[in-house]
Amino acid sequence: MGRHREFDVEKVLDAALCVFWRKGYEGASYADLTEAAGVERPALYSAFGNKEALFRRALVRYYERYLDYLPEALALPTSRAVAAHLFDRAIDLNTRYPEHTGCLGINGALAGSDESEPVRLALVEARADGEAQIRQRFERAQAEGDLPETVKPAVLAAFVMAVLHGMAVQAKAGFDRDTLRAVAEQALSTWPSGRATAPDLAVEAMG
């Protein structure tokens, strides 16, 4: 019979998540992870398998705990309100924790060795899934008349993701919340409107 674990797996996972968030997958060493978690390396292996498996568990936790604003945004009545909500919540998340600014997914996906390519691809896939959900919401907005027929929903979704990713990088580089809000407002200033735009909730969402 295996020895009973003497640590809280959930707390260890939270600690590892913060390390990955701060340093990215490539930059997070086992020494960083064990120090933050307060457990020895064999215990991490026993509980999670290896570093990649631990990161994948942390990534799932990150999406469940910190990116719950995506479904909230998709439920809003206009495409502009959707984008405004995404920008506002992303700015808050990217700047909420001074010790790990930016986005876990972006921090981990920008660069890496050949050995970490599976992790980078997992992050790219997660990003693509989010973009697909936004694109589908914008397609519905166009069908409802909220977006003009000349708009390409896929391009508009890619634009929103580009702004979100850019703000995450800027937050990691030290840009403050007010600057990021100005970026978001600029991105929204030329938002296309259709013939049947519902009451605009963007101002409220950006508040």
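The values are calculated or read from the model by the stated rules, or taken from the named source; none is laboratory data. Everything numeric here is computed off the predicted structure, so don't read it as measured data. Methodologically, a virtual Cβ is constructed for each residue, glycine included, from the backbone with ideal geometry; neighbour enumeration extends over all protein chains shown. Ligands, DNA and RNA are stripped out before the accessible areas are found, and what is left, the full protein with its side chains, is counted by its heavy atoms. Shrake-Rupley method; radii C 1.70, N 1.55, O 1.52, S 1.80 Å.
Spin-label pair Leu74-Asp176: with each label point 7 Å from Cα along the Cα-Cβ axis, the two points sit 3.6 nm from one another.
Go ahead and set up a Gaussian network model of the chain, Cα springs under 10 Å, then flag whichever of Ala75, Ala58, Ala16 fluctuates most. Of Ala75, Ala58, Ala16, the most mobile in the Gaussian network model is Ala75. When a/c is below 1.5 the answer is rounded, else prolate if a/b is larger than b/c, else oblate, so apply that to region 96-179 with a ≥ b ≥ c taken from the square roots of the Cα gyration tensor eigenvalues. Judged from the Cα gyration tensor, region 96-179 comes out oblate (a/c at least 1.5, b/c at or above a/b). Surface analysis of the chain yields an accessible area of 52 Å² per residue, using protein heavy atoms and a 1.4 Å probe.
Hydrophobic long helices, here whole DSSP H runs in the chain with Kyte-Doolittle means of at least 1.6 and Cα atoms spread over 27 Å or more along the helix axis, are not found.
Surface composition of the chain: carbon and sulfur make up 53 percent of the accessible area, probe 1.4 Å. The alpha-carbon of Lys172 sits under 17 angstrom from the alpha-carbons of these aspartates and glutamates, leaving out residues fewer than 8 places away in its chain: Glu26, Asp88, Asp92, Glu99. Excluding residues on the same chain fewer than 8 positions from Lys11, give the lysines whose Cα lies under 21 Å from its Cα. Those lysines meeting the cut-off are Lys23, Lys51.
Treating cross-link reach as a plain straight distance, find the aspartates and glutamates whose alpha-carbon is under 15 Å from the alpha-carbon of Lys152, omitting any fewer than eight places away in the same chain. Cα-Cα hits under 15 Å: Glu131, Glu139, Glu144.
Helical runs assigned H by DSSP (4 residues or longer) give the chain a calculated mean residue ellipticity at 222 nm of -22500 deg cm²/dmol, each run adding -39500 (n - 2.57) before division by the residue total.
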